[in-house]
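Asks: Please find one structure pasted underneath; my questions will follow.
The values are calculated or read from the model by the stated rules, or taken from the named source; none is laboratory data. Since this is a predicted model, take the numbers as computed values, not measurements. Using ideal geometry, Cβ is built from the backbone for each residue, glycine included, and neighbour counts are taken over all protein chains shown. For accessibility, only protein heavy atoms count, side chains too; no ligands or nucleic acids. Shrake-Rupley method; radii C 1.70, N 1.55, O 1.52, S 1.80 Å.
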Amino acid sequence: MTNFHETWRLGDLTVNRIGLGAMRLTGMPWDEKPKSRESAIAVLRRAIELGVDHIDTASFYFTPTRSANELIATALQPYPEGLVITTKVGAGRDRDGEFSFARPDQLRGQVEENIRQLGLDHLDVVNLRWGAAMGKEPGSVAEHFGALAELREAGLIRHLGVSNVVADQLTEALAIAPVVCVQNRYGLADREDDALLDLCGEHGIAFVPFFAVTTSLPGAAAPDAVPGQAEVAKVAAAHDATPAQIRLAWTLHRGAHVLAIPGTGDPRHLEENVAAGGIRLSEEELALLDGAG
(Lines give C-alpha, C1' and ligand atoms only; values in the text may rest on other atoms or scores of the structure.)
Protein backbone atom coordinates (compact mmCIF):
# COMPACT_ATOMS: atom_id res chain seq x y z
CA MET A 1 0.00 0.00 0.00
CA THR A 2 1.23 3.49 -0.83
CA ASN A 3 2.70 5.53 2.00
CA PHE A 4 1.03 8.91 1.66
CA HIS A 5 3.73 10.61 3.66
CA GLU A 6 6.03 9.88 0.77
CA THR A 7 6.77 12.55 -1.78
CA TRP A 8 6.57 13.12 -5.51
CA ARG A 9 8.56 15.34 -7.79
CA LEU A 10 7.78 18.37 -9.88
CA GLY A 11 10.81 18.31 -12.12
CA ASP A 12 13.77 18.61 -9.77
CA LEU A 13 11.53 19.86 -6.93
CA THR A 14 10.27 17.36 -4.36
CA VAL A 15 6.99 17.93 -2.53
CA ASN A 16 4.80 16.11 -0.05
CA ARG A 17 1.74 14.66 -1.73
CA ILE A 18 -0.78 16.78 0.17
CA GLY A 19 -0.48 20.49 -0.52
CA LEU A 20 -2.76 23.49 -0.16
CA GLY A 21 -4.92 25.19 -2.75
CA ALA A 22 -5.08 28.95 -2.18
CA MET A 23 -8.36 29.74 -3.91
CA ARG A 24 -10.47 29.66 -0.73
CA LEU A 25 -8.10 31.80 1.31
CA THR A 26 -9.74 34.98 0.06
CA GLY A 27 -13.28 33.70 0.37
CA MET A 28 -15.31 33.05 -2.74
CA PRO A 29 -16.75 35.90 -4.84
CA TRP A 30 -20.30 34.94 -3.85
CA ASP A 31 -19.61 34.87 -0.10
CA GLU A 32 -21.64 37.36 1.94
CA LYS A 33 -18.52 38.91 3.48
CA PRO A 34 -14.75 38.61 2.98
CA LYS A 35 -12.76 35.99 4.83
CA SER A 36 -10.74 37.25 7.75
CA ARG A 37 -7.17 38.15 6.78
CA GLU A 38 -5.98 36.91 10.15
CA SER A 39 -7.63 33.52 9.61
CA ALA A 40 -6.16 33.14 6.11
CA ILE A 41 -2.67 34.02 7.34
CA ALA A 42 -3.08 31.58 10.23
CA VAL A 43 -4.07 28.80 7.80
CA LEU A 44 -0.99 29.42 5.66
CA ARG A 45 1.38 29.42 8.62
CA ARG A 46 -0.26 26.35 10.13
CA ALA A 47 0.05 24.55 6.79
CA ILE A 48 3.82 25.02 6.88
CA GLU A 49 3.90 23.73 10.47
CA LEU A 50 2.04 20.61 9.32
CA GLY A 51 4.59 19.89 6.62
CA VAL A 52 2.81 21.34 3.59
CA ASP A 53 5.47 22.37 1.09
CA HIS A 54 3.36 22.81 -2.05
CA ILE A 55 0.93 25.73 -2.41
CA ASP A 56 -1.15 26.23 -5.53
CA THR A 57 -2.24 29.78 -6.32
CA ALA A 58 -2.97 32.25 -9.13
CA SER A 59 -3.08 36.01 -9.53
CA PHE A 60 -6.77 35.65 -10.44
CA TYR A 61 -7.59 34.27 -7.01
CA PHE A 62 -8.93 37.49 -5.58
CA THR A 63 -12.02 39.21 -4.26
CA PRO A 64 -12.52 42.98 -4.13
CA THR A 65 -10.61 43.20 -0.84
CA ARG A 66 -8.43 40.08 -0.77
CA SER A 67 -5.68 38.56 -2.93
CA ALA A 68 -4.41 35.02 -2.43
CA ASN A 69 -0.92 35.90 -3.65
CA GLU A 70 -0.72 38.88 -1.29
CA LEU A 71 -1.87 36.74 1.62
CA ILE A 72 0.78 34.12 0.81
CA ALA A 73 3.53 36.73 0.59
CA THR A 74 2.42 38.41 3.83
CA ALA A 75 2.11 35.15 5.77
CA LEU A 76 5.18 33.28 4.59
CA GLN A 77 7.96 35.66 3.59
CA PRO A 78 10.79 34.98 3.98
CA TYR A 79 9.69 31.75 2.36
CA PRO A 80 10.83 28.55 4.08
CA GLU A 81 13.42 26.49 2.28
CA GLY A 82 11.82 23.80 0.13
CA LEU A 83 8.45 25.53 -0.29
CA VAL A 84 7.16 25.14 -3.86
CA ILE A 85 4.62 27.69 -5.06
CA THR A 86 2.74 26.70 -8.19
CA THR A 87 0.68 29.22 -10.11
CA LYS A 88 -1.24 29.35 -13.36
CA VAL A 89 -1.61 31.73 -16.26
CA GLY A 90 -3.67 31.85 -19.40
CA ALA A 91 -6.95 32.46 -17.69
CA GLY A 92 -7.31 35.86 -16.07
CA ARG A 93 -9.87 38.14 -14.47
CA ASP A 94 -10.43 41.86 -14.83
CA ARG A 95 -11.22 44.19 -11.94
CA ASP A 96 -14.90 43.31 -12.24
CA GLY A 97 -14.09 39.62 -11.81
CA GLU A 98 -14.90 38.65 -15.40
CA PHE A 99 -12.78 35.82 -16.82
CA SER A 100 -10.93 36.04 -20.10
CA PHE A 101 -8.18 34.07 -21.84
CA ALA A 102 -4.83 35.62 -22.62
CA ARG A 103 -3.14 35.77 -25.97
CA PRO A 104 0.35 34.22 -26.11
CA ASP A 105 1.95 37.68 -26.08
CA GLN A 106 0.10 38.50 -22.84
CA LEU A 107 1.44 35.55 -20.86
CA ARG A 108 4.70 37.28 -19.90
CA GLY A 109 2.70 40.03 -18.21
CA GLN A 110 0.72 37.44 -16.25
CA VAL A 111 3.90 35.64 -15.19
CA GLU A 112 5.49 38.90 -14.10
CA GLU A 113 2.34 39.84 -12.17
CA ASN A 114 2.56 36.60 -10.17
CA ILE A 115 6.28 37.15 -9.54
CA ARG A 116 5.60 40.70 -8.31
CA GLN A 117 2.67 39.77 -6.08
CA LEU A 118 4.51 36.84 -4.50
CA GLY A 119 7.75 38.77 -4.02
CA LEU A 120 9.87 36.29 -5.99
CA ASP A 121 12.47 36.56 -8.72
CA HIS A 122 11.10 33.56 -10.63
CA LEU A 123 8.22 31.07 -10.36
CA ASP A 124 8.77 27.44 -9.38
CA VAL A 125 5.98 25.94 -11.51
CA VAL A 126 3.60 27.65 -13.92
CA ASN A 127 0.59 25.85 -15.36
CA LEU A 128 -0.96 26.94 -18.63
CA ARG A 129 -4.62 27.07 -17.62
CA TRP A 130 -6.37 26.26 -20.89
CA GLY A 131 -9.72 27.89 -21.64
CA ALA A 132 -11.66 30.49 -19.71
CA ALA A 133 -14.57 28.22 -18.82
CA MET A 134 -14.73 25.25 -16.44
CA GLY A 135 -15.26 22.70 -19.20
CA LYS A 136 -12.49 21.42 -21.45
CA GLU A 137 -11.95 23.44 -24.61
CA PRO A 138 -10.57 22.14 -27.92
CA GLY A 139 -7.72 23.67 -29.80
CA SER A 140 -3.96 23.72 -30.05
CA VAL A 141 -1.98 24.74 -26.96
CA ALA A 142 1.26 25.00 -28.93
CA GLU A 143 1.49 28.78 -29.33
CA HIS A 144 0.62 29.50 -25.70
CA PHE A 145 2.77 26.72 -24.26
CA GLY A 146 5.60 27.71 -26.56
CA ALA A 147 5.46 31.26 -25.17
CA LEU A 148 5.79 29.88 -21.64
CA ALA A 149 8.67 27.65 -22.76
CA GLU A 150 10.47 30.80 -23.92
CA LEU A 151 9.93 32.37 -20.48
CA ARG A 152 11.34 29.21 -18.94
CA GLU A 153 14.43 29.55 -21.09
CA ALA A 154 14.67 33.20 -19.99
CA GLY A 155 14.73 32.14 -16.33
CA LEU A 156 11.35 33.52 -15.24
CA ILE A 157 9.92 30.01 -14.80
CA ARG A 158 11.60 26.89 -13.46
CA HIS A 159 9.08 24.23 -14.56
CA LEU A 160 5.93 24.07 -16.68
CA GLY A 161 2.61 22.32 -16.34
CA VAL A 162 -0.80 22.34 -18.01
CA SER A 163 -4.29 22.58 -16.60
CA ASN A 164 -7.80 21.79 -17.85
CA VAL A 165 -6.48 19.84 -20.83
CA VAL A 166 -7.20 16.64 -22.72
CA ALA A 167 -4.64 13.96 -23.59
CA ASP A 168 -3.89 15.32 -27.08
CA GLN A 169 -3.12 18.74 -25.63
CA LEU A 170 -0.76 17.20 -23.08
CA THR A 171 1.00 15.30 -25.87
CA GLU A 172 1.29 18.52 -27.88
CA ALA A 173 2.83 20.34 -24.90
CA LEU A 174 5.30 17.52 -24.25
CA ALA A 175 6.65 17.93 -27.77
CA ILE A 176 7.56 21.54 -26.96
CA ALA A 177 9.01 21.37 -23.43
CA PRO A 178 9.00 19.12 -20.35
CA VAL A 179 5.70 19.01 -18.45
CA VAL A 180 5.97 18.33 -14.71
CA CYS A 181 2.27 18.34 -13.79
CA VAL A 182 -1.27 18.22 -15.11
CA GLN A 183 -3.90 19.98 -13.04
CA ASN A 184 -7.47 18.95 -13.96
CA ARG A 185 -10.80 18.60 -12.22
CA TYR A 186 -11.03 15.08 -10.87
CA GLY A 187 -12.46 13.13 -7.95
CA LEU A 188 -14.50 10.14 -6.91
CA ALA A 189 -17.62 11.66 -8.45
CA ASP A 190 -15.80 13.04 -11.49
CA ARG A 191 -13.90 10.24 -13.25
CA GLU A 192 -13.71 11.65 -16.77
CA ASP A 193 -9.92 11.86 -16.61
CA ASP A 194 -9.15 8.33 -15.44
CA ALA A 195 -7.21 7.61 -18.63
CA LEU A 196 -5.34 10.92 -18.50
CA LEU A 197 -4.36 10.22 -14.88
CA ASP A 198 -2.90 6.89 -16.00
CA LEU A 199 -1.12 8.54 -18.93
CA CYS A 200 0.54 10.99 -16.55
CA GLY A 201 1.73 8.07 -14.45
CA GLU A 202 3.30 6.44 -17.50
CA HIS A 203 5.26 9.65 -18.18
CA GLY A 204 6.19 10.29 -14.54
CA ILE A 205 4.13 13.48 -14.56
CA ALA A 206 2.33 14.58 -11.41
CA PHE A 207 -1.46 14.54 -11.71
CA VAL A 208 -2.88 17.26 -9.46
CA PRO A 209 -6.68 17.21 -9.24
CA PHE A 210 -8.66 20.25 -8.21
CA PHE A 211 -12.16 19.97 -6.73
CA ALA A 212 -11.24 16.46 -5.58
CA VAL A 213 -13.76 16.65 -2.74
CA THR A 214 -16.49 18.52 -4.59
CA THR A 215 -16.83 21.50 -6.87
CA SER A 216 -16.55 25.01 -5.45
CA LEU A 217 -19.00 26.57 -7.87
CA PRO A 218 -22.11 28.32 -6.53
CA GLY A 219 -25.18 26.13 -6.41
CA ALA A 220 -23.12 22.93 -6.57
CA ALA A 221 -23.96 19.91 -4.48
CA ALA A 222 -22.41 19.64 -1.06
CA PRO A 223 -19.88 16.82 -0.55
CA ASP A 224 -22.50 14.60 1.12
CA ALA A 225 -24.92 15.04 -1.78
CA VAL A 226 -22.71 13.94 -4.66
CA PRO A 227 -22.57 10.34 -5.96
CA GLY A 228 -21.17 7.75 -3.58
CA GLN A 229 -22.54 9.38 -0.44
CA ALA A 230 -23.59 6.14 1.26
CA GLU A 231 -20.41 4.25 0.37
CA VAL A 232 -18.17 7.13 1.46
CA ALA A 233 -20.07 7.44 4.74
CA LYS A 234 -19.60 3.72 5.44
CA VAL A 235 -15.84 3.89 4.87
CA ALA A 236 -15.59 7.14 6.84
CA ALA A 237 -17.27 5.55 9.84
CA ALA A 238 -14.82 2.66 9.76
CA HIS A 239 -11.88 5.08 9.90
CA ASP A 240 -13.44 7.65 12.25
CA ALA A 241 -12.94 10.12 9.43
CA THR A 242 -15.00 12.70 7.58
CA PRO A 243 -16.43 12.03 4.11
CA ALA A 244 -14.12 14.70 2.70
CA GLN A 245 -11.10 12.91 4.15
CA ILE A 246 -12.17 9.64 2.54
CA ARG A 247 -12.62 11.31 -0.84
CA LEU A 248 -9.12 12.79 -0.55
CA ALA A 249 -7.65 9.45 0.55
CA TRP A 250 -9.33 7.69 -2.38
CA THR A 251 -7.80 10.24 -4.76
CA LEU A 252 -4.32 9.64 -3.38
CA HIS A 253 -4.79 5.90 -3.77
CA ARG A 254 -5.14 6.39 -7.53
CA GLY A 255 -1.36 6.49 -7.93
CA ALA A 256 1.88 7.54 -6.31
CA HIS A 257 2.08 10.40 -8.83
CA VAL A 258 -1.26 11.88 -7.70
CA LEU A 259 -0.99 14.96 -5.49
CA ALA A 260 -3.75 16.73 -3.58
CA ILE A 261 -4.26 20.48 -3.22
CA PRO A 262 -7.48 20.81 -1.18
CA GLY A 263 -8.35 24.41 -0.50
CA THR A 264 -9.65 25.82 2.75
CA GLY A 265 -9.74 28.99 4.78
CA ASP A 266 -10.47 27.08 7.99
CA PRO A 267 -7.62 25.84 10.23
CA ARG A 268 -9.65 22.82 11.37
CA HIS A 269 -10.38 21.73 7.81
CA LEU A 270 -6.72 22.22 6.96
CA GLU A 271 -5.69 19.79 9.69
CA GLU A 272 -8.33 17.28 8.54
CA ASN A 273 -7.12 17.54 4.94
CA VAL A 274 -3.49 16.92 5.90
CA ALA A 275 -4.52 14.03 8.15
CA ALA A 276 -6.28 12.39 5.19
CA GLY A 277 -2.82 11.49 3.92
CA GLY A 278 -2.51 8.97 6.73
CA ILE A 279 -5.69 7.07 5.91
CA ARG A 280 -5.04 3.62 4.44
CA LEU A 281 -7.95 2.17 2.49
CA SER A 282 -8.24 -1.59 2.14
CA GLU A 283 -8.70 -3.28 -1.21
CA GLU A 284 -12.32 -4.00 -0.24
CA GLU A 285 -12.91 -0.34 0.61
CA LEU A 286 -11.31 0.81 -2.64
CA ALA A 287 -13.52 -1.58 -4.60
CA LEU A 288 -16.60 -0.26 -2.80
CA LEU A 289 -15.67 3.34 -3.53
CA ASP A 290 -14.64 2.65 -7.13
CA GLY A 291 -18.06 1.19 -7.76
CA ALA A 292 -19.77 4.17 -6.21
CA GLY A 293 -18.13 6.84 -8.31
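Asks: Let me confirm something: among Ala195, Ala189, Ala175, Ala167, which residue is open to solvent by 10 Å² or more (accessible area, probe 1.4 Å), among the hydrophobic types (A, V, I, L, M, F, W, C) and modelled with pLDDT under 95?
Replies: Working: Ala195 fails: modelled with pLDDT under 95; Ala175 fails: modelled with pLDDT under 95; Ala167 fails: modelled with pLDDT under 95.
Testing whether each residue is open to solvent by 10 Å² or more (accessible area, probe 1.4 Å), among the hydrophobic types (A, V, I, L, M, F, W, C) and modelled with pLDDT under 95 leaves just Ala189.
Asks: Suppose the filter is modelled with pLDDT under 90 and open to solvent by 60 Å² or more (accessible area, probe 1.4 Å); does Pro34 pass it?
Replies: yes
Asks: I would also like to ask the following. Among the residues of the stretch 155-179 satisfying the criterion of being small (Gly, Ala, Ser) and touching a Lys or Arg at 6+ places or on another chain (Cβ under 9 Å), which is farthest from Asp12 (Cα to Cα)?
Replies: Ser163
Asks: Could you check the stretch 65-114 and list, in sequence order, the residues that are farther than 20 Å from Val179 by Cα and β-branched (Val, Ile, Thr)?
Replies: Thr65, Ile72, Thr74
Asks: Filter the stretch 1-31 down to the residues that are more than 18 Å from Val126 (Cβ to Cβ), among the hydrophobic types (A, V, I, L, M, F, W, C) and in contact with a Gly (Cβ under 8 Å, 6 or more places away or on another chain), then identify the one that is modelled with the lowest pLDDT.
Replies: Phe4
Asks: Identify all residues within the stretch 170-189 that are in contact with a Ser or Thr (Cβ under 8 Å, 6 or more places away or on another chain), of a type outside the set (Gly, Ala, Ser) and not in a loop (DSSP other than H, G, I, E, B); write none if there are none.
Replies: Answer for the stretch 170-189, where residues must be in contact with a Ser or Thr (Cβ under 8 Å, 6 or more places away or on another chain), of a type outside the set (Gly, Ala, Ser) and not in a loop (DSSP other than H, G, I, E, B): Glu172, Cys181, Val182, Gln183, Arg185.
Asks: Given the criteria open to solvent by less than 10 Å² (accessible area, probe 1.4 Å) and assigned to a helix (DSSP H, G or I), does Leu128 qualify? I'd like the intermediate steps shown before the answer.
Replies: Values: open to solvent by less than 10 Å² (accessible area, probe 1.4 Å): yes; assigned to a helix (DSSP H, G or I): no.
In short, no.
Asks: For the stretch 98-115, name all the residues that are farther than 13 Å from Lys88 by Cα and assigned to a loop (DSSP other than H, G, I, E, B).
Replies: The answer is Glu98, Arg103.
Asks: Right, another one. Search the stretch 62-85 for residues being in contact with an Asp or Glu (Cβ under 6 Å, 6 or more places away or on another chain) and either in a loop (DSSP other than H, G, I, E, B) or not aliphatic (A, V, I, L, M) (or both), and hand back the single one that is surrounded by the most Cβ atoms within 10 Å (Cβ to Cβ).
Replies: Leu83
Asks: With the requirement that a residue be buried (at least 20 other Cβ atoms within 10 Å of the Cβ) and farther than 30 Å from Ser36 by Cα, what does the stretch 232-250 give you?
Replies: Val232, Val235, Trp250
Yes/no matrix, rows are residues, columns are (1) of a type outside the set (Ser, Thr, Tyr); (2) open to solvent by 30 Å² or more (accessible area, probe 1.4 Å):
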| residue | (1), (2) |
| --- | --- |
| Gly135 | yes, yes |
| Glu150 | yes, yes |
| Gly155 | yes, yes |
| Thr171 | no, yes |
| Val182 | yes, no |
| Glu202 | yes, yes |
| Ile205 | yes, no |
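Asks: I've got another one for you. Is the stretch 135-143 home to any residue that is farther than 23 Å from Tyr186 by Cβ and aliphatic (A, V, I, L, M)?
Replies: Yes; the residues of the stretch 135-143 include at least one that is farther than 23 Å from Tyr186 by Cβ and aliphatic (A, V, I, L, M).
Asks: Something else now. Select the strands (runs of 3 or more DSSP E) contained entirely in the stretch 7-61, then report the ones holding at least 2 residues which are under 19 Å from Asn114 (Cα atoms) and of a type in the set (Lys, Arg).
Replies: It comes to none.
Asks: I'm told Gly293 meets every condition in (1) at pLDDT below 95; (2) exposed (fewer than 14 other Cβ atoms within 10 Å of the Cβ) except one. Can you identify the failing condition by its number?
Replies: For Gly293, the exception is condition (2).
Asks: Suppose the filter is under 25 Å from Lys136 (Cβ atoms), at pLDDT 95 or above and crowded, with 20+ Cβ neighbours inside 10 Å; does Gly92 pass it?
Replies: Against the criterion (under 25 Å from Lys136 (Cβ atoms), at pLDDT 95 or above and crowded, with 20+ Cβ neighbours inside 10 Å), Gly92 does not qualify.
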